[in-house]
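So the structure is just underneath, and the comments pick up after that.
The values are calculated or read from the model by the stated rules, or taken from the named source; none is laboratory data. Just so it is clear, the structure is predicted and the values come from calculations on it, not from any experiment. Note that each Cβ is placed from the backbone with ideal geometry, even for glycine, and that neighbours are counted across all protein chains shown. Surface areas here come from the heavy atoms of the whole protein model, side chains and all, with no ligands, DNA or RNA. Shrake-Rupley method; radii C 1.70, N 1.55, O 1.52, S 1.80 Å.
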Amino acid sequence: MEQATELLGFIASQCPFCDRTTAFVEAFNYVTRLLGIPDPYVREKSEYNAVGRRLHLKFRELLERRSWDLELALRMAAIANVADSHVLGCSATPRDLERALEEGFNFHGEEIDVLLRARGGKALILLDNAGELHIDLLLGEALSRKGFKVRYAARTKPYEVDVTESELRNIVDGGNIVLGTGTAYPPLYTRRIRTELIEEMQKADLVVAKGIANLEAFLDCLPGTRLENLFFVLAAKCQPLAKALRVPYKSGVALPSWRAEELCRGLLRRS
């Protein structure tokens, strides 16, 4: 109880002076220091990944039958983002990840024709949670089959159930290039990540950012995070975001960054 009170005091002292990404990451860092455990979610991530690996094999067969249809791969990557342990109003288990993909959720792809028509170049996928990353790897393979040279990026240090750079290196094939932020911050929080990752994003012909954290980081760092050909792929797993994006709650969504900025900035100004 004393630790909880101390944490609340810390968050209260930080929130008036920082954006939401910083508040979330530094609160998490603070808790890990209190607990003396650098990565409190190792077991949860292992459970998510066990389900993700099994689903990867199943849905890889489906994509092969569909000739690696890129829109289907996008749909699966967006819907897989519904699984998360700590989103207010949507605490999902590894079983929920499986159910979402097998039963299917709403999917809204907006202004994604440019992405679907693209052929070749450098693609960078900015990853989010454990478990779903195995579905994201299918999206990476679909892009590779369209002629893209695909790279992946993740947080370097632990944050909730997000995959880390070192974990990712142990999962992907040795031929895939893995980049890290150098911190616990998400890849699109450009104020506190490695310069080389920013440069890679700027050079990429296509950047796919997974999850709410990358969307919030993008909005927090505007105008510095504006990139050409940046697309967000996520699930609208909190009510305010669903309302802002004008989609049903828990829908999978894919849309370009300019459209995400247009829809979400009003919400952030009111918050």
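In the context of the full protein assembly, D113 retains an accessible surface of approximately 90 Å², using a probe radius of 1.4 Å and ignoring ligands and nucleic acids. Assuming charge only on the beta carbon of Lys and Arg (+1) and of Asp and Glu (-1), the dipole of the stretch 14-84 about its Cα centre is about 280 debye to the nearest 20. Normalised by the number of residues in the chain, what is the relative contact order in percent for Cα pairs under 8 Å and 6+ residues apart? 21 percent.
Accessible surface of T21, taken over heavy atoms with a 1.4 Å probe and every protein chain present, rounds to 10 Å². Charged neighbours of Y249, selected by a Cβ distance under 11 Å, balance to +3 (K, R count +1; D, E count -1). Applying the Karplus relation 6.51 cos²θ - 1.76 cosθ + 1.60 with θ = phi - 60° to the stretch 190-197 yields 3J(HN,Hα) values of 5, 6, 9, 10, 5, 4, 5, 6 Hz, where x marks Gly and Pro. Between R117 and R169, residue separation times 0.36 nm minus the direct Cα-Cα distance comes to 15.8 nm. Helix 211-220 and the longest principal axis of the C-alpha atoms of the chain enclose an angle of approximately 60°.
Just the protein heavy atoms count here, and of the accessible area of the chain at 1.4 Å, carbon and sulfur take up 50 percent.
Comparing L215, L63, L35 in a Gaussian network model of the chain, where Cα atoms under 10 Å apart are tied by springs, the biggest mean-square fluctuation is seen for L35.
Which of the pairs K146/K210; K149/K203; K45/K157 have their Cα atoms more than 18 Å apart in this structure? Going by Cα-Cα distance, K146/K210 fall outside the 18 Å limit.
Only one residue of A118, L63, V163 has its Cα farthest out toward the positive end of the dipole of the chain, where Lys and Arg carry +1 and Asp and Glu -1 on Cβ, and that residue is A118. When each of the peptides 237-247, 166-176, 253-263 is scored by how many other beta carbons lie within 10 Å of its residues on average, the order from highest to lowest is 253-263, 237-247, 166-176. Looking at the chain, the accessible area is 46 square angstrom per residue; that uses a 1.4 Å probe and ignores ligands, DNA and RNA. Note on the stretch 105-206: percent of Cα-Cα distances in each 10 Å bin, starting at 0 and stopping at the bin with the largest distance, equals 15, 45, 34, 6.
With a Förster radius of 30 Å applied to the beta-carbon distance between R259 and I37, the computed FRET efficiency rounds to 0.15. Label-to-label distance, R192 versus C18, with points set 7 angstrom from Cα along the beta-carbon direction: 0.4 nm. With Rh defined as the Kirkwood radius, the inverse of the mean 1/r over Cα pairs, the Rg/Rh of the chain is 0.94. For the pair E61 and E102, the difference between a 0.36 nm per residue extended length and the Cα-Cα distance amounts to 13.4 nm.
Comparing V31, V178, V51 in a Gaussian network model of the chain where C-alpha atoms under 10 Å apart are linked, the largest mean-square fluctuation is found at V31.
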